[in-house]
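Down below is the structure, laid out as structure tokens.
Every number here is computed from the coordinates shown, using simple stated rules; none is lab data. Keep in mind it's a predicted model, so treat the numbers as computed, not measured. Heads up, the Cβs are rebuilt from the backbone with ideal geometry, glycines too, and the neighbour counts pull from every protein chain shown.
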Amino acid sequence: MTTPRVRFAPSPTGYLHIGGARTAIYNYLYAKANNGTFVLRIEDTDLERSKREYEESQISDLKWLGLDYDEGPDKPGEFGPYRQSERTDLYKEHAQKLVDKGLAYYDFCTDEELEVMREQALKEGRPPHYSGKWRNEEFFEEAANRLAAGEKAAIRFKAPQKPYTLQDSVRGRVVFPQGMVGDFVIMRSNGQPVYNFCVVIDDMLMKITHVIRGEDHVNNSVRQLMLYEAFEATPPEFSHVSLLIGKDRQKLSKRHGATSVNLYREESYLPQSLANYLCLLGWSHPDEEEIFKLEEVQEKFDVTRFSKAAAIYDLVKLKWVNGMHIRKLDNDTLKIELEKFIPEGHAYFSQSDDWKARAIELYKTQIEFFSEFSVRLDENLFKTEIEKTEKLNEVLGWETTKQIHEFLNEKLSSASEFITKDDFTEYFNALKKDLGIKGKQLFMGVRVCLTGQDHGPELGDLVPLTPVEVMKKRLSNLF
Ligand code: GLU
């Protein structure tokens, strides 16, 4: 078996889309699973919309996700160049080969003529396929003369009128009936190649063996299969993976959450979380594992586990996956990462190492993003204003809460910077024993008095981390 060569072929007309990232992940894993080569090819034939800035940003996002490719614009290999805009000569040369073989022809029709042809066909109930004179051999000589005289013409491929079958590892056998496609342009009269043509030339010359891409490309396959046949080349194996949709089953859009990778990056998601989550959207782990790094599944990856159904993009699940990956980080790494997201001058930085370690230990199982950490610190450990919710007011209305308030006020007035967990247990026991307060009255009363909130992490963890000054202010702001 020849070693597989796969490619990810983004168009640099925007930032890396999560759907594109998922395609890249599948190609990367396929290459890794089979000791193959992963190629990055930049499909920038749309000169107006393509921007170098987008290419750079997409490459940077691929690298962030850990999707290192073996060949690409910045990694020259024997099949370069890897930007379509630098391959125009190859497209011209191959288009000419088809003309020479009689499988394509020069077309001098103007846009107006093409429009008249189209309208006529529709009026007569025919498919609007090209029916101009230039497909006929008798005009080839005239065409050659006009070209020699410097006139510009498009090159149009003679689409064979027969059915085509795509053997797809996800979609099965897809039959394209005869007559679906008429003769199509492969090179425009301005010398620019057309997308479906470039893809075939590139995949052929770059010796791509397997194409994994979105289902939206299924219909392009028929033109591509025709071109492989014209070049007497074996098409790659195809896997058209299902599209991503929102929970409302509509096409994924900004309404469903951020759609480009860079935004997740900015929001402090871990690359392994996004890669993990995207990988599972349309592919299933053989042991049904949900939390993994790509390197942990690369050997298990195969194209038989793609799902045919559209994959629902669920931001809540992604956040959960991110939280699970945060828990898997060792505390030293976590500390470094978390600190990148704590605003400069934040009270966190003036605490002791022991305090920091305890805070990290407490919150690592409670946050789903790094950036959430300092928000949670502020909310639970430093904030002194009280938001009087209905539930809070209810607790404040209990007679026992007033007793607790008085007791704690007195205790804290003589406490130093922090109280220990033991001090806290002692207060708690005293409230129980000396004042006879118990159950919900005790738990909620103490929580509301010391945290100013009716919910939050374990009090035994929280209270020793909260500066006594903060708790005192809360006590005085409560009533
Ligand atoms: N450039 C195409 C896209 O961004 C991909 C083409 C392909 O994978 O064949 O959708």
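Database remark: amide H of Phe238 closer than 5 angstrom to the amide H of Ser169, Val211 (H placed geometrically; neighbours at sequence offset of 5 or more, or on other chains; Pro and chain starts carry no H). Taking Cα centre as origin and charging only the Cβ of basic (Lys, Arg, +1) and acidic (Asp, Glu, -1) residues, the dipole magnitude of the range 257-390 rounds to 220 debye. Highest mean packing first, where packing is the average number of other Cβ atoms within 10 Å per residue, the peptides 159-168, 269-278 line up as 269-278, 159-168. Peptides 361-371, 452-462, 2-12, ordered by how many other C-beta atoms sit within 10 Å of their residues on average, highest first, read 2-12, 361-371, 452-462.
The charge dipole of the range 202-270, taken about its Cα centre with unit charges on the Cβ atoms of Lys, Arg (+1), Asp and Glu (-1) only, comes to about 440 debye. Of Asn380, Ser416, Phe370, which is farthest towards the positive pole of the range 367-417's charge dipole, taken about the Cα centre with +1 and -1 on the beta-carbons of Lys, Arg and Asp, Glu respectively? Of the listed residues, the answer is Ser416.
Residue by residue, the range 278-293 carries 3J(HN,Hα) couplings of 4, 4, 7, 8, x, 9, 10, 6, x, 9, 6, 6, 10, 10, 7, 9 Hz when phi is fed to the Karplus relation 6.51 cos²θ - 1.76 cosθ + 1.60 (θ = phi - 60°); x denotes Gly or Pro. Highest mean first, the peptides 305-313, 414-422 sorted by other C-beta atoms within 10 Å per residue fall in the order 305-313, 414-422. Database remark: amide H of Ala104 closer than 5 angstrom to the amide H of Val99, Lys158 (H placed geometrically; neighbours at sequence offset of 5 or more, or on other chains; Pro and chain starts carry no H).
Evaluated over the Cα positions of the chain, the convex hull gives a direction-averaged projected area, one quarter of its surface, of 31.0 nm². Expressed per residue, the C-alpha convex hull volume of the range 36-80 stands at 77 Å³. Quick one: Cα centre-to-centre distance for the range 128-187 and the range 329-362, in angstrom? Rounded to whole Å, the Cα centres lie 64 Å apart. Taking the helices alone, the chain has a mean residue ellipticity at 222 nm of -13500 deg cm²/dmol, built from -39,500 (n - 2.57) per DSSP H run of at least 4 residues and averaged over all its residues.
Counting Lys and Arg as +1 and Asp and Glu as -1, each charge on the Cβ, what is the dipole of the chain about the Cα centre in debye, to the nearest 20?
1000
Listed values for the range 235-249 are Karplus-derived 3J(HN,Hα) couplings in whole Hz (6.51 cos²θ - 1.76 cosθ + 1.60, θ = phi - 60°), namely x, x, 7, 10, 10, 9, 7, 4, 7, 8, 10, x, 4, 7, 6, and x replaces Gly and Pro. With the simple model of a label 7 Å out from the Cα in the direction of the Cβ, Thr234 to Lys432 spans 7.5 nm.
Backbone amide hydrogens, once placed in the peptide plane, bring Ser11 within less than 5 Å of Glu43, excluding anything fewer than 5 places away on its chain. For the chain, the longest principal axis of the alpha carbon atoms and the long axis of helix 331-340 meet at an angle near 80°. In order along the range 8-14, the phi-based Karplus estimate (6.51 cos²θ - 1.76 cosθ + 1.60, θ = phi - 60°) of 3J(HN,Hα) comes to 10, 10, x, 9, x, 10, x Hz; Gly and Pro are listed as x. Taken as Cα centroids, the range 1-67 and the range 248-285 sit 16 Å apart, rounded to the nearest whole angstrom.
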